[in-house]
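These notes are about the structure you will find just below.
The values are calculated or read from the model by the stated rules, or taken from the named source; none is laboratory data. Predicted model only: the values in this text are computed from it and were never measured. Positions of Cβ are backbone-derived with ideal geometry, glycine not excepted, and every protein chain shown enters the neighbour counts. Heavy atoms of the whole protein, side chains included, go into the accessibility calculation; ligands, DNA and RNA do not. Shrake-Rupley method; radii C 1.70, N 1.55, O 1.52, S 1.80 Å.
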Amino acid sequence: MDINKKINRKISVAPMMDCTDRHDRFFLRLISKNVMLYSEMVATKSAIHGDRKKILGFREEEKPVALQVGGSDKKELSEVAKISEDLGYDEINLNLGCPSKKVQKNSFGACLMKEPDLVAECINEMSNSCKIPVTAKTRIGFDNTEEFDYLNMFINKIKDAGSSTIILHARKAILKGLTPKQNLNIPKLNYKMVYEIKKSNPDLEIIINGGITSIHQIKNHLQNCDGVMIGRAIYQNPYFLSEIEKKIFNNTNVLSREDIVKKLLSYLEEEVKNGTKVNHIMRHTVGLYYGQPGSKEWKRYLSDNMMARDSDFQKAKHIMDIAQNNEKANQASI
Ligand SMILES: Cc1cc2nc3c(=O)[nH]c(=O)nc-3n(C[C@H](O)[C@H](O)[C@H](O)COP(=O)(O)O)c2cc1C
């Protein structure tokens, strides 16, 4: 049985450190019911020895959600796969694409593209220790290696080891000399390579990622791949997800920005009671009015107020006023 098929990965939000934490995922889920969500990368040792509730905790409402893990010790990875299943994650994803120095020093992320046999052993152990899908997110190459044959061999080792869903960031990783940020922009996008991988491996679910910012692009990629993963375009403009709901999932039942703020404020009230800081939630909403009337006021209000230690109801009321005014201005401008 191919259990991977049960998860709809047509559109997913990319794992992003310091961005896609549980608060961001709760917020994004208010906008979109249908996208797949991924956690930030969690190192195996933190998942095993750290404060599990803090590092791995999430709410039922965020589902379907995948835990992304970074590591190269197969025993640790299999332990984390089991932990993630027990906690209720829908998928465990292995990071094979992060080029940061720190990650390389710990022998995980993109440098593992050089070690296909070790990766296969890790995926195999993970698959044997849990029933949820084990997936991988990788690049199309590294340093001077950007060849179809190498990538195809790498992917087939992952497949034979037990993973039938591969997310491909369509640019190679430069392991020395570029910062992680430069590694997201400087190596050229090569979507054709991803399409060729899909063509040669029709039995694999291939998700394409990198530089995708519009519905038009999404539709084009869906002609050649099984799914599209989007990172920065959604973090910058989270309400893009409502357009995705309407135009990709044919779901017109989406919340207005005002209703999203209302629901988020109830969440905030609950969370703050349990010790969460206001800015840990609201910082993810800075782009909610991206490109809309009132965007500046929204951002200004957040930067002036979200460092407050508590979120008293007054403040919540004021923020609702801004949301209502913005909604009115938006209606008037249509
Ligand atoms: C701030 C930031 C943090 C990221 N953290 C991760 C991460 O933890 N794991 C990962 O696999 N990729 C990470 N990435 C890469 C994204 O998942 C994605 O592959 C990349 O941004 C390209 O997609 P995009 O052009 O749609 O943003 C990160 C990217 C950004 C911008």
| request: Please work out which one of (1) farther than 22 Å from Gly57 by Cβ; (2) touching a residue at least 12 places away in the same chain (Cβ under 8 Å); (3) open to solvent by 20 Å² or more (accessible area, probe 1.4 Å) is the condition Ile260 fails and give its number. | output: (3)
| request: Could you run through region 2-26 and say how many residues are open to solvent by 50 Å² or more (accessible area, probe 1.4 Å) and in a loop (DSSP other than H, G, I, E, B)? | output: 5
| request: Report yes if Ser46 is among the polar types (S, T, N, Q), modelled with pLDDT under 95 and either within 16 Å of the ligand (Cβ to nearest atom) or out of contact with any strand residue (DSSP E or B) (no Cβ under 9 Å at 6 or more places or on another chain) (or both), otherwise no. | output: no
| request: Would you point out which residue out of Leu255, Leu241, Leu288, Leu268 is away from the ligand (no atom under 16 Å from the Cβ) and outside any loop (DSSP other than H, G, I, E, B)? | output: Leu268
| For region 212-238, what are the residues that are over 19 Å from Asp18 (Cα atoms) and part of a loop (DSSP other than H, G, I, E, B)? | Ile212, Thr213, Ser214, Gln223, Asn224, Cys225, Asp226
| note | Restricting region 58-111 to residues that are out of contact with any Cys (no Cβ under 9 Å at 6 or more places or on another chain), under 12 Å from Ile123 (Cα atoms) and of a type in the set (S, T, N, Q), the one nearest to the ligand (Cβ to nearest atom) turns out to be Asn95
| request: Specify the residue that is farthest from the ligand (Cβ to nearest atom); the eligible residues are those in region 141-183 that are among the basic types (Lys, Arg) and surrounded by fewer than 17 Cβ atoms within 10 Å (Cβ to Cβ). | output: Lys176
| message | Any residue that is over 21 Å from the mean Cα position of the chain (by Cα) and under 17 Å from Asn93 (Cβ atoms) - is there at least one of those in region 163-185? | response | no
| query | Among the residues of region 271-293, is any surrounded by 14 or more Cβ atoms within 10 Å (Cβ to Cβ), at pLDDT below 95 and more than 24 Å from Gly57 (Cβ to Cβ)? | reply | yes
| Whichever residue in region 191-231 is touching a Leu at 6+ places or on another chain (Cβ under 8 Å) and farther than 25 Å from Lys6 by Cα and, among such residues, is farthest from the ligand (Cβ to nearest atom) | Met193
